[in-house]
Structures are given as structure tokens and as C-alpha cells.
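The values are calculated or read from the model by the stated rules, or taken from the named source; none is laboratory data. For clarity, every value in this text was computed on a predicted model and none was experimentally measured. FYI the Cβ positions are ideal-geometry reconstructions off the backbone, even for glycines, and counts take in every protein chain you see.
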């Protein structure tokens, strides 16, 4: 088993996903982070309970808009707000600085909420802050 899948099992992502599905029922979601972690999530977990309207990543340019990645419509970062999602879920292992930037800059003044797709234990987060 690879390290991403081991990590997802160690944080009990299946249980997190159930809670997320319940919390975000009827809400629209854009996933930010289209790398290895999201590929593992997509290929090993049922994300159909989340109303994912697109996927974004800093590597996507405006030319890629509307194309697909892993079955989801590509949305460039600077166009996410145009789609008016209820939530942007961060799909990266180190998400604190991205969340901070999104809340205080990128989506400031919008109603878009930002959450990690895969949450971490509190002490793991603390360790990251002080690394």
C-alpha cells in the first residue's frame, strides 16, 4: 500500500467522508488540489455523496477551463468564485496556509466556505504550524 492510502486509513477518512456527506448535503463543492492525494481519494472512496461541480489547482490555466480531470470539470483558481460554490474543499496534505490565503484573500467578501477535504488530528496540525 502506498503512503497516501495508508495516511487516509490512519485518519479514518471513510468516517470523515460520511460526516462530510451529511454536512454538505445539498451544497455545491469545488475541490482544490488535483494531485496524488485527490487521485487516491477518487480511486478508493465513493465521493458521489459530495455535489462536486469542479476541480481546481494552481496548475490549471484559463485555457484548461471546461476540460476534465478525473471526471470533473476544470475550474481555474481565479474563476472559482464565478461558479458560486458553497464550499471549496482543500485536497492537499498541508492545507493550513492555503485555507488561510483562501479565507483572507481569494474568497474574502464572498459566501464561499473553505474546509479541508481530509482533516487531521489537532496535534498533527500543531506540529505543522511550528515546523
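Structure data summary
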{"item": "Residue list for region 3-30, filter: within 16 Å of residue 91 (Cβ to Cβ) and part of a loop (DSSP other than H, G, I, E, B)", "result": "11, 24"}
{"item": "Of residues in region 37-52 being assigned to a helix (DSSP H, G or I) and under 12 Å from the mean Cα position of the chain (by Cα), the one modelled with the lowest pLDDT", "result": "37"}
{"item": "Yes/no for residue 55 being modelled with pLDDT of 95 or more, touching a helix residue (DSSP H, G or I) at 6+ places or on another chain (Cβ under 6 Å) and crowded, with 19+ Cβ neighbours inside 10 Å", "result": "no"}
{"item": "Sole exception among (1) touching a strand residue (DSSP E or B) at 6+ places or on another chain (Cβ under 9 Å); (2) part of a loop (DSSP other than H, G, I, E, B); (3) under 16 Å from residue 4 (Cβ atoms) for residue 94, by number", "result": "(1)"}
{"item": "Residue tally, condition within 18 Å of residue 36 (Cα to Cα), modelled with pLDDT under 95 and either touching a helix residue (DSSP H, G or I) at 6+ places or on another chain (Cβ under 7 Å) or in a helix (DSSP H, G or I) (or both), over region 62-75", "result": "1"}
{"item": "Residue list for region 21-59, restricted to those being more than 12 Å from residue 77 (Cα to Cα) and in contact (Cβ under 8 Å) with a residue 60 or more places away in the chain", "result": "24, 27, 29, 37, 38, 41"}
